[in-house]
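A short worksheet on the structure shown next.
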Amino acid sequence: MARQQLGKPISSYLDHPGARSWSPSLGCFGAALTLLIPLALLVIGWSLRGLPNLPIPQTRPGKVPEAHWSATASMAVPRADFAAVAVDGRLWVLGGSTSAGGTRLNTTEVYDPASDSWRAGPALQAARSAFSAATVGQTIYLFGGATPDQASTTTVQALDTTTGQWRDLAPLPTPLANPALAQLGGTIYLIGGEANGAAVGTVYAYTPATNNWRTLAALPTARSALAVAPLEGKLYALGGLVNGTASAAVDVYDPVANQWTSGAPLLAPMANFGAAIIDGRLYAVSQLSHEMLDPRVNHWVEAEAMPTPREADGVVALNGSIYSIGGHGDGTRQSSALVEAYVPGAATDPDNFQLTGINRGGSIAVILGFFVTVGLIAATVSSNRRRPSPGSRNPHPFSGRSSDGDSTR
């Protein structure tokens, strides 16, 4: 058997009848599509980023890392159903009751975190519970409440913390007890609450500068025992009682549009709890659950649970910590003087969380981009395969076998 001559020029192989048949136009076209279509899909996915997220039920919410609770000095007087605010680097607690439905208090206390100590503040003009408070500057504003026979009130008062002086203000448009409220842009918003024992969905705006009231768009669902917090120019209404049952619903109010929209629901229903903002993140603190919402990802994640579960407590953010003050939760309904502080920690980047969903636009871009890219690559490779000439018995010039079947060794 004759051996083939070694060292043939490559052109002799390319001219072989069984050599590769390549289509330049199809190959270039496929390569262009392989690059351009995934890019187009990514643009489409980015444009759809505002669509609702797709849930991933099997993914457990992540825990906020490097966070902890610690006990601080207790109040002098146990209390629940009171109002708590932060003014000029100190915590203020006002009024409340000694137990659920128990004796109402007219005392106030002021906590200084620098010395970890409490002192007595100016007494209320009358014993009061089931009311809410907010601050503008150095002034504390008190709204509503309940009388000893559980009737809701329209009382509004203000305390100048620099002088200790009280003054009466324009009353509420309707009687309210335990309204949820927040201050945003110098206006105080009162949302939901109770009117003589029934949950309401009314929303009022009080302007301290003019001492007047406005009625705004009502809550989508009447709720009591809810919490409200301001975040990125909007108001978040969290949880509460709907027909006596705790809710996980979150509604977001836009003061500019005077409109409510649905927000990401809580991981667990909450009622008789508090909310606070730390470093642009929203924390909901209840006796059964503690959760955090970062608006950049719009998902709730679990945070470190309260060491001593309590409800009807005061939840206030101060100097990078969240304080849970007083309340009750030991089953006896007796009020507590306990105070615990939560420090969120530094490592709270949302990229570290195991989120409970994935963005629909991102899903479309990634999934379609993957399959289209694989398909186009396969098509391009297929178009570049060697195609044997008609009648040729040798599919490949390097197969080591001649067309007449003789070995080339």
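Bear in mind these aren't lab numbers, they're just calculated from the coordinates by the rules spelled out. Please read these numbers as outputs of a predicted model, since none were measured by experiment. Don't worry about glycine lacking a Cβ; one is built from the backbone with ideal geometry, like all the others, and counts go over all protein chains shown.
Side notes on the structure shown:
- Here is the P(r) of region 54-209: all C-alpha pair distances, binned every 5 Å from 0, give 2, 8, 17, 19, 17, 13, 10, 7, 4, 2, 1, 0 in whole percents.
- Under 11 Å, Cβ to Cβ, from M306 - net charge with Lys/Arg +1 and Asp/Glu -1: -3
- Across region 197-286, the relative contact order, built from alpha-carbon pairs under 8 Å that are at least six residues apart, equals 23 percent.
- Loop-located GluC sites (Glu not before Pro) in region 184-292, at most 15 other Cβ atoms within 10 Å (DSSP): E232
- The reciprocal of the average 1/r between distinct C-alpha atoms defines the Kirkwood hydrodynamic radius, which for region 131-289 equals 15.8 Å.
- Full-extension gain in nm, D279 to D254, via 0.36 nm per residue minus C-alpha separation: 6.9 nm
- Sorted peptide list for 211-222, 315-326, criterion being average Cβ within 10 angstrom, highest first: 315-326, 211-222
- Prolate/oblate/rounded label for region 196-281 (Cα gyration tensor, a/c 1.5): oblate
- Pairwise label distance in nanometres, D88 with N211, each label 7 Å out on the Cα-Cβ vector: 2.3 nm
- Dipole magnitude of region 68-355, debye to nearest 20 (Cβ charges: Lys/Arg +1, Asp/Glu -1, about Cα centre): 680 debye
- Gyration tensor (Cα) of region 68-355, equivalent ellipsoid semi-axes in angstrom: 25, 23, 19
- Each eigenvalue of the Cα gyration tensor of region 224-349, multiplied by 5 and square-rooted, gives one semi-axis; in descending order these are 23, 18, 12 Å.
- Taking other C-beta atoms within 10 Å as the exposure proxy, D279, D160 rank D279, D160 from fewest upward.
- Taking other Cβ atoms within 10 Å as a rough exposure proxy, I278, I191 sort from fewest to most as I278, I191.
- Calculated FRET value between T174 and R119, using beta carbons and R₀ = 41 Å, to 0.05: 0.70
- Exposure proxy for R333, R119, R223: other Cβ atoms within 10 Å of each Cβ, ordered fewest to most, give R119, R333, R223.
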